[in-house]
Every structure is written in C-alpha cells, then in structure tokens.
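Chemist: Got a structure for you, questions after.
The values are calculated or read from the model by the stated rules, or taken from the named source; none is laboratory data. Values in this document were obtained by computation on a predicted structure and should not be read as measured data. Please note: Cβ atoms are built from the backbone with ideal geometry, for glycine as well, and neighbour counts cover all protein chains shown.
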Amino acid sequence: MGGRRVFVSGLGSELGTMVAGMLEAEPWVGALAGIDADPPRRRLPNTTFHRISPDQHDRIVETVTRFNPHVLVHIGVWEPDARASPKVAKTLTDQAATSIIGAAAECSAMEHLVVRSGIEIYGRGRDSLTRPDETAPIRPTSEWGRTVAEIEHIAARVSARVGVSVGAVRLAPVLGPHVPSPLGRMLRNPVVPFSLLADPPFAVITDRDAARAIVAAAREGLAEPVNVVASGAVTCLQALRRGRRIPFPLIGPDWQVARALSYLFGSPIPDHVAEVLHRGRLADNGRMAELLGVVPESTTSEVIDQLYGWPSIIRQPARVAAA
Amino acid sequence: MNIGSLDAVGRVLEFPRRLVVEPAGVVDDWGRDPGFVRQMIALSQLRWSVSVGGEQHLPRRQGALIVVNARRFALAPILAAFAISEAVDRPCRFVGRSDTAPLGPLGRRIGGLLDHPDEVFGALRAGELVVLGAAASTGLRQVGSVGRIKHEHVGAATAAGVQVYPAATMSSPFGRNARVEIGSATRPSRRRRGPLAELELADHLRRQIEQLLDEMGEIRTGTPIDWLPLSGLGGH
C-alpha cells in the first residue's frame, strides 16, 4: 500500500495544515501535494504546495491531473462568517468543490475521495431527530448545511460516474486555538446571548480530533458518511458558566437586535450558529470507531473548557516604525 | 407526615445549596441533564412515593425498552423513568417529549426522547434504558386493560437487538403511593422474519402488562368504583 499519492485541497487552513502534517507521518503515503488560496500555517517539509485561487479552474485541473493522486482529501470549504462572509464563503466553496472534485474525476489513478462535510447537513427542522446517525434523512435548514450537502452530492455524482469510493466526514462544529469559528468566537465574547426558553444542547469537535478522523478516512478508504462528534454535549448557558461569561437571555424577536450588535462588534452569528443556539446540534458518533478506527480524544465539555483556556490574540507594536 | 415525606421535603430544601455548590453542569449525549434530573426526582418525591419491583430483570449495561401502561395525565412514563433511574442507578429515558419550546427543551433535560422510532432505535443502540408508554386509557370500561403499544417502537428495539420488558405502573390521582413493577423480558411466541414479529411482540407485551396489573392485586369491578383511591393505589 506504500507509495500512494495523496492530494489535499484546503491545505492553507488550520485543519488542512494539520491533516497534511499527519499524512506526512503516515507510512502508506508516498507523495503529498495540496492547494489553497492561502499558504499553509506551518512548515510541511514533505508536501508540495500550490497557491491557487478557487476561481482558477484551469490551473486547478492541470495541477491535480498532473499529480494524478490515488487519494484526494477535499477540505477546501469555507464556513460562513469564519474567514469570509456567507455569500463569499458559498461562492468559494462551490468553485473549489466543482474544480477540485471535477479534476479528481479526470485522474486515471484516482481510487478514493474523502470530503469534509458537517453535521449541519441533517438540519434542525421541527421534529428532526435529536441525535441523527448517518442514515438519517438529509434536510439541511441552514446555508452551511445546504453547502455541505451540495459537496456530498457532487462527490456522489463523481463516484457514480467514475467508480471511485467516496467517504464523507461529517464534522461537528470544529473548535481549535487557531481555527476561525463563528461559534467559538461568539462563545468567547464577554457577553453572550442565549435562548432562555430552549437552551438546547450541542456537541463540538477539536481540530486535532477532526484531523485524525480525516486522515483515518483516507487511510481506511472510508466509502460512506461518518459523523465525527466529541462525546457528551453542553448547552450554551452551561458553556458560558464554564467560561465565566455573562449570559444574556433572549426570548424571540430580540435575537435580530442581538445578531446585529454581535455583527457590529466583530462576531457575526450566521444562521447555522443561530440554529445551534435555538435548536441545538447533536449527532450519533457510534460508528466512528467501527468505520475509522479512532475515537475523539476530548469530550465536548473538555473542548469547551479548552476554548476558554486558549490565549487571546496578543497585539505587539512594531519595534521599528515601518514608515 | 411519614418519614418518606420528610425525606422528600429535606431534598427540596437542599436545592439552593446544590445550585451554589455543584459545578456548572453538562448534559449527556441526548441532552439529559443529570443534575436537573436529580432536582426533578426530588420534587417528584413530594408528589409520589414510588416503589419499584423487578428491577433485577433489567440489564446492567446494555440497552432495554421498558413498556408501561399509562393513564391520561398520570405522567406514567416520566414517573416510571425517574423511579427506574433511581432504582438501577443509571439514566433512564422516556419516549414522548414535544419538540416545541418551552416544554420540549424541558422534556429533553429530564431525559425525554421524540416519539419517533428512529430516535428510540438510536438510544437503544447506544445502550440506553428507554421507557415507552402504551396509549393512555381513559374510559371506565377500560379499567385493567392496556392501551395500544406502538409496534414501530417495539420494532426499533428488535432492530437494535435489545430486550423488551413489560412494566405495570399504578398511581392514584389523590394519594402519594405509586408502584412500578417490571416483568421479565418478553420473548416472541413464534419466530417471524417480517414485520409481524413486532406486531405480535407488542400484543404479547400488552397481555403481559395486564397480567402484571392483575398480580398487583387491585380490585377491578369494571365500575366507577375502580377509580376511587381506596387502597392508595387506585386507577391503573
């Protein structure tokens, strides 16, 4: 199995860099390459990086087909209000998915495709299951949920046409010290709104556990969806009490004002995060060990505690004025 | 006031201290809040004094579906879930929470699951104890009989590979005494390959619960007298 070529899209993100770092240490990986619009967050000595914007369709196709990977790991997705506004995030994600997965279909050596998805794909409509497993119907109720559903759909189409196996890693909201997450950013604010009448539970996952799951999916040749969620759950109020933040109870129409204020203070609340606060977000992670051979190292409550333990950005003035 | 009532009052008086002393809690994978459930059990003990029998039948770690009889407004599944949870010292959930705030979230906090076979299947596969109420009975002519049991939920238990247990509950609209009696695991009378298995299992469960109710020794005349709390265990 050694000597396989692995291509990673979204290498410049924190998660992509972490995945590439772990893949470099895997004995079955022979050559590793990746693309992104931004450079990787840390040194990857055994990875070839191509800096290409998602809208450069021809360059992406040429780069991917020239590398002719056996395994493609598609992490190049933009969560709304994480690094880009919802509209831009959707455009970039759509462009990247079409170009990269489309290019993978043209590669003769291509055997396996892993796509990063999210548990937002199940949606949180009325009477939707509390803890959906991988067989639950896909009924996304947020923009981010519809985006990841579209990525899985594109990958499934490629799988049907070309005959490669496709595994979808459905991640819970990913939190990490350097991961741009609208949920994590909001929870770290000094004053945080929460739904007084609902205060539903949600689960998260650390960037490290998410990266381990994606690498395991590539290694094991995952050929179906799998939920990657830390065990346990926490409600917004419980999270705020753990982080010693000031909870601000809201009931209904005042949410619009709270979201606008939060946006003005640099912490926008996109619709999929608002959904977490109103309807919760849980998923059954019972098949993780069976399909991937790994289980999360941190529980949801531990991740939340870590979230409040991570240091804030320290701004240091320049020693010498540039101009 | 008997010792049980004093004990219940004592637990309620402990509330403020617990709220301050206990750390910020977490909920489990299904949104059940163990700290909140403890408080609610203490509150429920003001209303009911529940004795549980037959809990030794239940598995220690694996999941199990416990089907109980129900009477309208008696909250039998919740009462049984709380009592069984206390008796076996592990979380016990019940089927039938709403999905609308504020009752839905409150139900989830105390261990409620949506009334959906997939939800029940997920919980049972995860090794949880789940209490399912039969259809609530109201009419006087139905005294001693058990309402319809949703065979889809029984099918979920079969699919999850867990045992199904009948349980009889008795409580009075006026008295404090209540009882939950759990029977031994139900086994299908004949092997079926199709959906008939769950239908027959549900029917068999009804008969077993009725038998358990009979064994609990209530007088059932089929007249309005059955609704009077003569023994403190009236109703069904």
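Chemist: If we scan the range A:178-196, do we find a residue that is more than 20 Å from A:SER267 (Cα to Cα) and surrounded by fewer than 22 Cβ atoms within 10 Å (Cβ to Cβ)?
Modeler: As a first pass, look at the range A:178-196 and keep what is more than 20 Å from A:SER267 (Cα to Cα): A:196.
Subset that is surrounded by fewer than 22 Cβ atoms within 10 Å (Cβ to Cβ): A:196.
Looking through the range A:178-196, at least one residue is more than 20 Å from A:SER267 (Cα to Cα) and surrounded by fewer than 22 Cβ atoms within 10 Å (Cβ to Cβ).
Chemist: Scanning for something in contact with a His (Cβ under 8 Å, 6 or more places away or on another chain), within 14 Å of another protein chain (Cβ to nearest Cβ) and at pLDDT 90 or above, does the range B:20-27 turn up at least one residue?
Modeler: Looking only at the range B:20-27, we keep the residues that are in contact with a His (Cβ under 8 Å, 6 or more places away or on another chain), and these are none.
Scanning the range B:20-27 turns up no residue that is in contact with a His (Cβ under 8 Å, 6 or more places away or on another chain), within 14 Å of another protein chain (Cβ to nearest Cβ) and at pLDDT 90 or above.
Chemist: Check whether at least one residue in the range A:250-266 is touching a strand residue (DSSP E or B) at 6+ places or on another chain (Cβ under 7 Å) and in a loop (DSSP other than H, G, I, E, B), and report yes or no.
Modeler: Within the range A:250-266 (the criterion being touching a strand residue (DSSP E or B) at 6+ places or on another chain (Cβ under 7 Å) and in a loop (DSSP other than H, G, I, E, B)), the answer is no, since none of the residues qualifies.
Chemist: Would it be correct to say that B:VAL95 is surrounded by 19 or more Cβ atoms within 10 Å (Cβ to Cβ) and more than 10 Å from every other protein chain (Cβ to nearest Cβ)?
Modeler: It is true that B:VAL95 is surrounded by 19 or more Cβ atoms within 10 Å (Cβ to Cβ) and more than 10 Å from every other protein chain (Cβ to nearest Cβ).
Chemist: Kindly check whether there is at least one residue in the range A:253-267 that is within 14 Å of another protein chain (Cβ to nearest Cβ) and out of contact with any Asp or Glu (no Cβ under 7 Å at 6 or more places or on another chain).
Modeler: Quick first cut of the range A:253-267, residues within 14 Å of another protein chain (Cβ to nearest Cβ) only: A:255.
Add one more test, that the residue is out of contact with any Asp or Glu (no Cβ under 7 Å at 6 or more places or on another chain), and what stays is A:255.
Checked the range A:253-267: at least one residue is within 14 Å of another protein chain (Cβ to nearest Cβ) and out of contact with any Asp or Glu (no Cβ under 7 Å at 6 or more places or on another chain).
Chemist: Being under 27 Å from A:LYS87 (Cα atoms) and part of a loop (DSSP other than H, G, I, E, B) narrows it down to one of A:PRO177, A:PRO193, so name that one. Outline the logic, then answer.
Modeler: On the way: A:PRO193 fails: part of a loop (DSSP other than H, G, I, E, B).
The match here is A:PRO177.
Chemist: Here are A:VAL204, A:VAL234: which of them is farther than 30 Å from A:GLY3 by Cβ and under 19 Å from the mean Cα position of the chain (by Cα)? Don't jump to the end; show me each part of the working.
Modeler: Details: A:VAL234 fails: under 19 Å from the mean Cα position of the chain (by Cα).
Going through A:VAL204, A:VAL234 in turn, just one is farther than 30 Å from A:GLY3 by Cβ and under 19 Å from the mean Cα position of the chain (by Cα): A:VAL204.
Chemist: What about A:ARG241, is it more than 23 Å from A:SER9 (Cα to Cα), outside any loop (DSSP other than H, G, I, E, B) and at the interface with another protein chain (Cβ under 10 Å from one of its Cβ atoms)?
Modeler: On the way: more than 23 Å from A:SER9 (Cα to Cα): yes; outside any loop (DSSP other than H, G, I, E, B): yes; at the interface with another protein chain (Cβ under 10 Å from one of its Cβ atoms): yes.
So A:ARG241 fits the description; yes.
Chemist: Also, quick follow-up: Test A:GLY286 against the criterion of being under 19 Å from A:PRO200 (Cα atoms) and either within 14 Å of another protein chain (Cβ to nearest Cβ) or among the aliphatic types (A, V, I, L, M) (or both), and give yes or no. Step through it out loud before you land on a result.
Modeler: Values: under 19 Å from A:PRO200 (Cα atoms): no; either within 14 Å of another protein chain (Cβ to nearest Cβ) or among the aliphatic types (A, V, I, L, M) (or both): yes.
For A:GLY286, the condition - under 19 Å from A:PRO200 (Cα atoms) and either within 14 Å of another protein chain (Cβ to nearest Cβ) or among the aliphatic types (A, V, I, L, M) (or both) - is not met.
Chemist: Could I ask something else about it? Does A:ALA274 satisfy the criteria of being in a helix (DSSP H, G or I), surrounded by 18 or more Cβ atoms within 10 Å (Cβ to Cβ), more than 13 Å from chain B (Cβ to nearest Cβ) and on the phi < 0 side of the Ramachandran plot? It would help to see each step written out before you state the result.
Modeler: Working: in a helix (DSSP H, G or I): yes; surrounded by 18 or more Cβ atoms within 10 Å (Cβ to Cβ): yes; more than 13 Å from chain B (Cβ to nearest Cβ): yes; on the phi < 0 side of the Ramachandran plot: yes.
For A:ALA274, the condition - in a helix (DSSP H, G or I), surrounded by 18 or more Cβ atoms within 10 Å (Cβ to Cβ), more than 13 Å from chain B (Cβ to nearest Cβ) and on the phi < 0 side of the Ramachandran plot - is met.
Chemist: Only residues that are more than 21 Å from A:VAL166 (Cα to Cα) and β-branched (Val, Ile, Thr): list them for the range A:64-94, please.
Modeler: A:VAL88, A:THR91, listed by residue number.
Chemist: Just checking, how many residues over the range A:118-159 are charged (D, E, K, R), away from chain B (no Cβ under 14 Å) and part of a loop (DSSP other than H, G, I, E, B)? Step through it out loud before you land on a result.
Modeler: Within the range A:118-159, the subset charged (D, E, K, R) is A:120, A:124, A:126-127, A:131, A:133-134, A:139, A:143, A:146, A:150, A:152, A:157.
Of the ones still in play, those that are also away from chain B (no Cβ under 14 Å) are A:120, A:143, A:146, A:150, A:152, A:157.
Okay, now just the ones that are also part of a loop (DSSP other than H, G, I, E, B), so none.
Going through the range A:118-159 one residue at a time, the tally reaches 0.
Chemist: How many residues does the range B:30-53 contain that are under 18 Å from B:VAL180 (Cβ atoms) and in contact with a Gly (Cβ under 6 Å, 6 or more places away or on another chain)?
Modeler: So the answer is 1.
Chemist: Taking the stated definitions as given, is B:SER98 of a type in the set (S, T, N, Q), touching a strand residue (DSSP E or B) at 6+ places or on another chain (Cβ under 8 Å) and closer than 29 Å to B:HIS151 by Cβ? So that I can check it myself, show each step before the final result.
Modeler: Values: of a type in the set (S, T, N, Q): yes; touching a strand residue (DSSP E or B) at 6+ places or on another chain (Cβ under 8 Å): no; closer than 29 Å to B:HIS151 by Cβ: yes.
The answer is no for B:SER98.
Chemist: Go through the range B:179-208 and count every residue that is buried (at least 17 other Cβ atoms within 10 Å of the Cβ) and either touching a Lys or Arg at 6+ places or on another chain (Cβ under 9 Å) or free of Cβ contacts under 8 Å to residues at least 12 places away in the same chain (or both).
Modeler: Residues flagged as buried (at least 17 other Cβ atoms within 10 Å of the Cβ) and either touching a Lys or Arg at 6+ places or on another chain (Cβ under 9 Å) or free of Cβ contacts under 8 Å to residues at least 12 places away in the same chain (or both) within the range B:179-208 amount to 6.
Chemist: Let me ask something else. Any residue at all in the range B:106-129 that's touching a strand residue (DSSP E or B) at 6+ places or on another chain (Cβ under 9 Å), away from chain A (no Cβ under 14 Å), of a type outside the set (Lys, Arg) and surrounded by 20 or more Cβ atoms within 10 Å (Cβ to Cβ)?
Modeler: Looking through the range B:106-129, at least one residue is touching a strand residue (DSSP E or B) at 6+ places or on another chain (Cβ under 9 Å), away from chain A (no Cβ under 14 Å), of a type outside the set (Lys, Arg) and surrounded by 20 or more Cβ atoms within 10 Å (Cβ to Cβ).
Chemist: Does the range A:200-238 hold any residues that are closer than 21 Å to A:HIS278 by Cα and either away from every other protein chain (no Cβ under 14 Å) or part of a helix (DSSP H, G or I) (or both), and which are they?
Modeler: To start, the set of residues in the range A:200-238 that are closer than 21 Å to A:HIS278 by Cα comprises A:200-205, A:229-238.
Hits for the range A:200-238 are A:CYS236, A:LEU237, A:GLN238.
Chemist: In the range B:26-76, which residues are on the phi > 0 side of the Ramachandran plot and touching a Cys at 6+ places or on another chain (Cβ under 9 Å)? Give the derivation first.
Modeler: From the range B:26-76, those on the phi > 0 side of the Ramachandran plot are B:31, B:54, B:73, B:75; that's our starting set.
Of everything in the range B:26-76, nothing turns out to be on the phi > 0 side of the Ramachandran plot and touching a Cys at 6+ places or on another chain (Cβ under 9 Å).
Chemist: Which of the strands (runs of 3 or more DSSP E) contained wholly in the range B:21-135 include at least 3 residues that are of a type in the set (A, V, I, L, M, F, W, C) and closer than 24 Å to A:PRO200 by Cβ? Give the derivation first.
Modeler: Working: elements: B:49-53, B:64-68, B:92-97, B:112-114, B:129-133.
It comes to B:92-97, B:129-133.
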